[in-house]
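Notes follow once the structure below has been shown.
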Amino acid sequence: MKRQTLFVLALILIVPVAAFAGGAGESEPVEDEPVVLDMYHWFGPEMRETIEEINGRFTAETGIEVSYESAPTDQYRNVIKIKLASGDAPDIFGVFPGTEVVEFSDAGHLANLSGQGFMDRVMEGATVVTRGSDGDVYALPLDQNVIGVVYNRAIFNEVGLDVPTSWDEFLSACRDLKDAGYYPLALGNADLWVTQLIPYAMASIIYKEIPNFDAEMYAGERSFNGPEWRAVMEAYMELQDREFFHPGVLSTTYDQTIQLMALEQAAMVVNGNWIIAGIREANPDLDLGMFPFPSVEAGETAWISGAVGIAMGAFADSENLDAAMQYLEFWTRPEIISDYLMAKKAFSTIKGVSVDFDPAAGEIGGYLAETNTYPFPDQNWPSGVQDVFLKGYQAVFAGEMTIPEMLQSVDDEWAARTAQ
Amino acid sequence: MKKNITVATLAFTAPALIVISIFLLYPVLSGFYYSLTSWNGLDRTVEFIGLRNYRELLSDREVSVSLRNTVVFTATTTVVQNLIALVLALILDGRFRTRGLVKTMFFVPVLMSSIVVGYTWSFLLHPLFGLVNKGLSGIGLTFLALDWLGNPRIALFSVAGMSIWRWVGYSMVIYLAALQSVPEVLYESADIDGASPLRKTMSITLPLIAPAFTINILITLIGAMKEFDMIYVTTGGGPGYATQTLAVLLYNQAFQANRMGYGAAIAVVLFMIILTVSMVQLRILRQREVRL
């Protein structure tokens, strides 16, 4: 074979590779093709039907199609960052309220929503955690959630218990339930995000006394390794030491706590109101209620940890930004958001919309009207701090760290993160 | 043959070179670069900070804990997996009726994804719902019904056990192949000399399958040091820090705490460790190999 022939052969081999390497080219949008919005979120599988139904109504009205994809929360957190960093972001995506909105908008990934007319429909208070460092709104808050105690009313009646309103009553209720052969509390601490919920539910100990605790943390006037958080952690561990949880909390997942509630082996679970939907799906016959975690002395009213749970934003560099804005506007319409809230079993962030989605949630909704709320504490922390906290809860449960050691490790992380 | 690089040779290797450069060389080199920055994985600007990440590594308590866990995990899997695989291979080298079936059964876990293996085992090992503890309690071994993945003292070994369960068939097949290449005549001659079965194993079989040891130990060692999916699926590095290896730590730093630069620095260190250990190990084991 002659050298020229070889060369030609080699060229043939190169061409497809070169085309592949440079292949991520931007194809020009064709006029007649319908606009397709890519949407990525961490809505659970139980929400898929509702989301697709809403998307269908949007398409019917505007002719814009929506291609919806979702992933479990922990996985979503990572994938969306990779998508954003590689510039291959979906047009519409979920954003975790709080620190992440600030980080994403500072990095220029989120479109500014402040000038948009539909933002007038959103409750002012709900946008506190969807604002960037410049004070503008960068994500649409879709629902609000509260953390509290979900309980099985039938078991409470059987054991002869009333809803506890103080810490002492709560402990004695747990004791009675345990004596009656139930696990008083289900706890899924194998899932890192679950570990924080009881402390958050109890944190009215902190925020009722010191509403500006986090601001004072930033100012260097407070530390986690102080009397406030130690009290929270000691109360948390008291529940563990008195065996009010089932065995193996560190290998039990969130899904398995739903199972324990559905099988009526556990009488209570401390979680967000979203768990009600999961329990009902597993066992529709249960009579469930929900009350605020009573981490207070008798006669006092507990505050409720409540916050925007889910937000949605538009990719700033999206080719379909106008369509994306239309889509977000669609979600702020009362008839759309009510359907979503009904399925999500969550509280509204849109003015004038109230949804009677569940008797159990209705119970804590009644408390909500009479008491104060504070946001999930981590929504105001620098990123990285929550991760150390989550690891710390597990380490304390596993007996690998003491409470002061654990809180000190969070303080160290706070110092390192705020120093940068 | 003359070693002159012609246009044709260059052109022929170009496709492979281009693919490798784009998908391997470039990411690896950029990883080194990012380890010298404070990039958070999101910003469009990247700040160069020299060796600061590496200095932080030296004093990071989490790094030393993770390093210790990596060593324990690697040592456990490498030793136990190779021992079990060798014993299985010696048994399966004999002749019996269900040999093919048994061999297949031990190899099946290799074909499953570690996600599937991890989820399945964490259900089986769950203290309330799991079959393992129900079975142990059922036959009166209640004291052995432990919280396999929730107890920080045994969680790392439980995960190591799953990893071994998954990969032992792979090592076994390599040992088996080596065993079957040992010439029959050597055994016959040993029989004539009146050697005992143990003597034959020690003096003929083991020396002759030394290359299989080399490759198997190398593969297990590297695999164990990089093991991520199995740990992430079953314990996520927990409870607390009990099963957090360097691979899990680098993931947590890069993707959870948004410290891509620091994560890259951990990756570089992990790479260096794996490279050094593999080279040393390869050299030692190679010297012990015998050739016919």
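The values are calculated or read from the model by the stated rules, or taken from the named source; none is laboratory data. Only a predicted model underlies this, so the values are computations on that prediction, with no experimental measurement involved. Neighbour counts are summed over all protein chains in view; Cβ atoms, including those assigned to glycine, are modelled from backbone coordinates with ideal geometry. Surface accessibility is based on the protein's heavy atoms, side chains included, excluding ligands, DNA and RNA. Shrake-Rupley method; radii C 1.70, N 1.55, O 1.52, S 1.80 Å.
Over the residues of segment A:286-340, compute the C-alpha Rg and express it relative to 2.2 N^0.38 Å.
Details: Rg = 19.3 Å, N = 55, 2.2 N^0.38 = 10.1 Å.
Compared with the compact-globule rule of thumb, segment A:286-340 sits at 1.91.
Along the positive direction of the dipole of the protein assembly as shown (beta-carbon charges: Lys, Arg +1; Asp, Glu -1; about the Cα centre), which of A:Trp193, A:Leu341, B:Ala212 reaches farthest? Farthest towards the positive pole: B:Ala212.
Residues whose amide H comes within less than 5 Å of that of A:Met290, counting only those at least five positions distant or on another chain, are A:Tyr151, A:Glu363, A:Ile364 (H built at 1.01 Å from N in the peptide plane). Taking Cβ atoms as reference points and 12 Å as the exclusive limit, the residues near B:Ile91 contribute a net charge of +2, counting Lys and Arg as +1 and Asp and Glu as -1.
Computed over Cα pairs, the Kirkwood radius of segment B:52-288 leads via Stokes-Einstein (1.567 mPa s, 4 °C) to a diffusion coefficient of 65 µm² per second.
Note on segment B:1-88: Rg/Rh from C-alpha atoms, Kirkwood Rh, equals 1.21. Between B:Leu249, B:Ile115, B:Ser158, the Cα set farthest toward the positive side of the dipole of segment B:52-288 (charges on each charged residue's Cβ, about the Cα centre) is that of B:Leu249. With chain A treated as a Gaussian network of Cα nodes joined by springs under 10 Å, which of A:Gly148, A:Gly98, A:Gly135 yields the largest mean-square fluctuation? Looking only at A:Gly148, A:Gly98, A:Gly135, the biggest GNM fluctuation is shown by A:Gly135.
In Å², nearest 100, what accessible area do chains A and B bury in total when the solvent probe is 1.4 Å? Don't skip to the end; give the middle numbers.
Numbers: alone 19130 and 17660 Å², together 33280 Å².
Roughly 3500 Å² of accessible surface disappears when A and B pair.
Which value, in Å³ per residue, describes the convex hull spanned by the Cα atoms of chain A? Spell out each step's value before the answer.
Details: hull volume 83.6 nm³, N = 420.
Value for chain A: 199 Å³ per residue.
Computed in the context of the full set of protein chains, the accessible area of the protein assembly as shown at 1.4 Å probe radius has 59% of its extent on carbon or sulfur. Within segment B:230-258, the residues that become at least 30 Å² less accessible when every protein chain is included than when their own chain is isolated (1.4 Å probe; DNA, RNA and ligands ignored) are B:Pro239, B:Gly240, B:Tyr241, B:Phe255, B:Gln256, B:Ala257, B:Asn258. Accessible surface of B:Arg286, taken over heavy atoms with a 1.4 Å probe and every protein chain present, rounds to 130 Å².
Largest to smallest in accessible area, the residues A:Asp143, A:Asp106 fall in the order A:Asp106, A:Asp143 (1.4 Å probe, all protein chains included).
Calculated translational diffusion coefficient of the protein assembly as shown (37 °C, 0.692 mPa s; Stokes-Einstein with Kirkwood radius over alpha-carbon pairs) equals 113 µm²/s. What is the Cα centroid distance between segment B:121-196 and segment B:9-24, reported in whole angstrom? For segment B:121-196 versus segment B:9-24, the Cα centre distance is 42 Å.
222 nm [θ] for chain B, helices only, -39500 (n - 2.57) per DSSP H run of 4+, per residue, to 500? Each step should come with its number before you reach the end.
On the way: 14 runs with 192 residues, N = 292.
Counting only the DSSP helices, I get -21000 deg cm²/dmol.
Comparing A:Ile337, A:Ile364, A:Ile82 in a Gaussian network model of chain A, where Cα atoms under 10 Å apart are tied by springs, the biggest mean-square fluctuation is seen for A:Ile82. Note that segment A:228-293, at 20 °C in a medium of 1.002 mPa s, gets a Stokes-Einstein diffusion coefficient of 163 µm²/s from its Kirkwood radius over C-alpha pairs. For A:Val95, nonlocal amide neighbours, meaning residues 5 or more places apart or on other chains whose placed amide H falls under 5 Å from its own, are A:Ala311, A:Met312, A:Gly313. Remark: relative contact order (segment B:52-288) = 30 percent; criterion is Cα-Cα distance under 8 angstrom and separation of 6 or more residues. Would you look at the GNM of chain A, springs on alpha carbons closer than 10 Å, and say which of A:Leu260, A:Leu161, A:Leu328 moves the most? Of the options given, A:Leu161 has the highest mean-square fluctuation. Note on segment A:161-214: with charges restricted to the Cβ of Lys and Arg (+1) and Asp and Glu (-1), its dipole about the Cα centre is near 100 debye. Here chain A carries DSSP beta bridges of which approximately 65% are antiparallel, counting only pairs with both residues inside.
Evaluate the relative contact order of chain A (contact order divided by residue number), counting alpha-carbon pairs under 8 angstrom at least 6 apart; express in whole percent. Could you put the intermediate results ahead of the total?
Numbers: 671 pairs, mean separation 97.2, N = 420.
Value for chain A: 23 percent.
If you take the alpha carbon atoms of segment A:228-387 and fit the smallest convex hull around them, that volume is 178 Å³ per residue. In the context of the full set of protein chains, residues of segment B:65-147 present 57 Å² of accessible surface per residue (probe radius 1.4 Å, heavy atoms only).
When segment B:52-288 is described by a simple charge dipole with +1 on each Lys and Arg Cβ and -1 on each Asp and Glu Cβ, the residue from B:Leu221, B:Ser189, B:Pro239 located farthest towards its positive end is B:Pro239.
In whole angstrom, how far apart do the alpha carbon centroids of segment A:311-341 and segment A:274-308 sit? Here the two parts' Cα centres lie 30 Å apart.
Working note: Karplus 6.51/-1.76/1.60 with θ = phi - 60° gives segment B:119-135 the couplings 4, 4, 5, 5, 5, 4, 8, 5, x, 9, 9, x, 5, 4, 5, 4, x Hz, where Gly and Pro are set to x.
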